[in-house]
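Q: The following block contains the structure, expressed as structure tokens.
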Amino acid sequence: MSHRRVKNIDFDDDDIDDYEEDDYGEEELSPEDQEQMRLGKTKVREALGPDYANVADKHIEDALWNYYYDIGKSVSYLKNAHKPAPKKPSQPSRFDQAANLAAQPPKKANEVSNAYPLPSILSPLRVESPPANFFSDTPWFNVPIHRLGKITRTGNIPTMGLKGGSTKLAALAAARRKKQEEAKTSPAASSTADAQQTTGRAVSLLDSLNKKPSPESHGNEDPMSIDTPHASSAPKPVAQARPYPRPKPSPSPVKQEPPPVVEAPVVESKKRKASLSDIRAGPSIFAKTMFGSEPRPRGQLLGGMVFSLPCPKMLPQDANKNPFAGPSPDDEVLNKQAKAFKKSNTAANKKDKETSAVTQGVANLTVEEAPRVKSKNLNVLEEYEKSTLKRSANFVVIGHVDHGKSTLMGRLLYDLKVVDERSIEKLRKEAQNMGKSSFALAWVMDATSEERSRGVTVDIATNTFETEKTRFTILDAPGHQDFVPNMIAGASQADFAVLVIDASANSFESGLRGQTKEHALLARSIGVQQLIIAVNKMDAASWSKERFDEISQQMSAFLTSAGFQPQNVTFVPCAGLTGQNVAQPVPKDVAPWYDGPSLVQALEASEVSKRAVSGPLRMSISDIFRGDITSAVSVAGRIDSGSLQVGDAIVTLPRPATETGTAYIKAIMVDDEPADWAVAGQIPTLHLTNIDPDQLRLGDVICHSTSAVKSITTFTAKILAFEHVMPMFVEVHKGRWNMEGRITKLLATLDKNSGAVLKNKPRVIQPGTVAKIEVQLDRAVPLETAQRVVLRNEGLTVAAAMLEEVK
């Protein structure tokens, strides 16, 4: 069916309505289900009983339908879902309670004392039930009864104050009770009624003074003075007195004896007002200590008297004297200090005059700080000429990436027994585990985890080996184009270079278009004049003479145009993986056409340029690390010129203007052996003191403090252009450091042979042209004339320059 026909279909509305009713309408029960539902509903209603009469038939039907007419499950579900509310006990309202209590006969005094007291408004009512039940019918925001708090009534808090004679009051109460009991049993009770009535009034007065007014009392009677009632008034029944509160005794096995009973005082006249002085005991020991033996009342309060603190005693003759007439104590102290200060100033002036001449003499003295490390004061040039050390040479291994530089150097060290068989086997196992079995020899030089995981050399790897005549230092430079600055740093420390070329098919051609050409140009620009061309991987080319000759011809033409002399270039075929023609000459059955030297023989035959041993000290820092426990910091690098020895005072440049300190050479290590001195051409390790590691940077120049290099920001240089050069931003590279700058002026183009000016102020310098330019740096750096630098821009080498003038 096509889409056109589907779109023309008309749906019938009646069919849609029927479909909806079938799916969403209520399903009717069959006659059998209806009968089963009726019987089940009857059984469920009987099982629920009258407590669940509020359950609707609809709920019962739903439960039976869901549980497939299971009576037990339906009843359990309905009982859980429709639990009956707990029945609340019917309680009369608070008005009904008040009416019922009013109708009850009054209770006795002892019964009233045990009942819960009510507020003063309901004082005629006495309720034996707790106060919480009085408000039980009042709704409290529908909170369940078991969640409501309980209302309790605490006892009267005793009045705080300085009261004395609490023991005597208890004795009076005991005496009163004893006399009441005697009056009941004595036949002459009628004759002593008046005395008992008087004693009862006195005791009631004490009770009212030592208790707070109860909620049942009414009126505004004065609590401090109480009038005796009229003689004609009938005595009121006295409730049983509550015992006076006592502090709880400390736990002790000794039983304390009750206090002695003291007779209560008899009131002389019924109409006289009772005062506190008649019934109160004297002040306690604490009150006497605080306020004296005779306190003066300042006022009368409920619960006792208030005593005022005694005023400081004054002598009779000072009673009318003004306390502010004379100077204050502070004024007297200040006056004495002023007098003492005047005396000290006069003494200090005398001493200043006596010591002024001595002070001026000390200020004119200058003390030079002695070196912290003792120097032997050796004549390094004479010691160097007398020494019987082997000739030392440093060479850098350069070339395109993956041409086998590290593998070739690893084979060389293995064949010369610098690396033992055990170490090589360990590296082979690690390489096999990583799936790079052919990298075992390369890992002799590439020791970092990053280099081994990536399979390329990242930074300069160093190692040393010795032959019969020379001690060599290998500087294995990275071949990737992203690490060209590290290659420049390695080439700047070398006396000559070993250029490795892959002889396999198409590898040489790709390398010539890549880093092989750039590395050769950079080495020549830095100052390397001798070059050994190691044609590697000849085993992959079946040791073909034609392939070797082809590579030799093309490279000779290119190197001659780059500035290398033909007599300074040597071609050596070799195989780094198998070790053929590396340390030992290649067998005649493998390459009968070659009768030249092996790679090691070519290294020994190379000539080292004359070194500037007698010049000023110039050493470029290539590595900074923490030395041993005794030294704070250690540095390593190549000495470009001059010499140094233990104890020399040196400075590192450039450095901030605020840093003016001088460092000292504590120890020197040459080829991992301690030495007293080092000369140009060597790569020593210096242990320094009196210097902060934060002051050092890679590429800094170490000089003697007496012949430091001048830091400049502008220089004029002669360049050999590799790309188009114009006024633009560049990066200036020298050794380990690089500095951002810009070419500000194109001064002239020059003739390659004679150096004559061909054109002044050109607009653009073409590739392969020799020219003269001016460069301005962003920050001052230590540079001198006749030094070589490299100019790069956006990852490309623009030109090689030699400084002619610095500013």
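Only the coordinates and a few stated rules stand behind these numbers; no lab work does. Since we're looking at a predicted model, the values are computed, not measured. Cβ placement follows ideal geometry from the backbone for every residue including glycine, while neighbour counts extend to all protein chains displayed.
Q: Grab the Cα-Cα distance for residue 470 and residue 82, subtract it from 0.36 nm times how many residues apart they are, and report the gain in nm with one decimal.
A: The residue 470-residue 82 span can extend by a further 129.1 nm.
Q: Past 31 Å, Cα to Cα, is the threshold; run 517/718; 374/710; 537/610; 545/610; 386/752 against it and keep the listed order.
A: 537/610; 545/610; 386/752
Q: So for each of 500-507, 29-36, 740-747 I average, over its residues, the number of other beta carbons within 10 Å; can you give me the resulting order with the highest mean first?
A: Answer by packing, highest mean first, reads 500-507, 740-747, 29-36.
Q: What share of the DSSP beta bridges in segment 387-605 is antiparallel, in percent to the nearest 5?
A: Here the share of antiparallel DSSP bridges comes out near 25 percent.
Q: Follow-up. Taking 0.36 nm per residue of separation and subtracting the Cα-Cα distance, what length does fully extending residue 625 through residue 387 add?
A: 82.7 nm
Q: If packing is taken as the average count of other Cβ atoms within 10 Å, what order do 530-542, 43-55 fall into, highest mean first?
A: Most protected by this proxy first, the peptides run 530-542, 43-55.
Q: I've got another one for you. Contour minus end-to-end for residue 30 and residue 448, with contour as 0.36 nm per residue of separation and end-to-end as the Cα-Cα distance?
A: Length gained, residue 30 through residue 448: 142.0 nm.
Q: Moving to a separate point now. In whole Hz, what ³J(HN,Hα) sequence does segment 487-503 give by Karplus (6.51, -1.76, 1.60; θ = phi - 60°), x for Gly and Pro?
A: Once θ is set to phi - 60°, the couplings for segment 487-503 become 5, 5, 5, x, 5, 5, 9, 9, 8, 8, 10, 10, 8, 9, 10, 7, 8 Hz.
Q: I would also like to ask the following. Name the residues whose placed amide hydrogens come within less than 5 Å of the amide hydrogen of residue 617, ignoring near sequence neighbours (fewer than 5 apart) on the same chain.
A: The list, which skips near neighbours in sequence, is 643, 704.
Q: Run the numbers on segment 711-806 and let me know its relative contact order in percent, using alpha-carbon pairs under 8 Å that are six or more apart.
A: 41 percent
Q: Tell me which residues come under 5 Å, amide H to amide H, from residue 648 once H is placed; ignore anything under 5 positions away on its chain.
A: Distant-sequence amide H within range of residue 648: 665.
Q: A further question follows. Amide H neighbours of residue 769 under 5 Å, at least 5 residues apart or on other chains, H built in the peptide plane: list them.
A: HN-HN under 5 Å from residue 769: 721.
Q: For segment 27-81, calculate the relative contact order in percent as a whole number, restricting contacts to Cα pairs under 8 Å that are 6 or more residues apart.
A: 37 percent
Q: Only Cα pairs under 8 Å and at least 6 apart count here; give the relative contact order of segment 618-704 as a rounded whole percent.
A: The value is 40 percent.
Q: Could you let me know the centre-to-centre spacing of segment 534-578 and segment 661-737, using Cα atoms, in angstrom?
A: Centre-to-centre (Cα) distance: 35 Å.
Q: Another question about this same structure. Post the alpha-carbon centroid distance, segment 395-446 to segment 590-618, in whole angstrom.
A: 23 Å
Q: Per-residue counts of other Cβ atoms within 10 Å, averaged by peptide: what ranking do you get for 604-613, 406-415, 429-438, highest first?
A: So the peptides 604-613, 406-415, 429-438, ranked by packing, come out 406-415, 604-613, 429-438.
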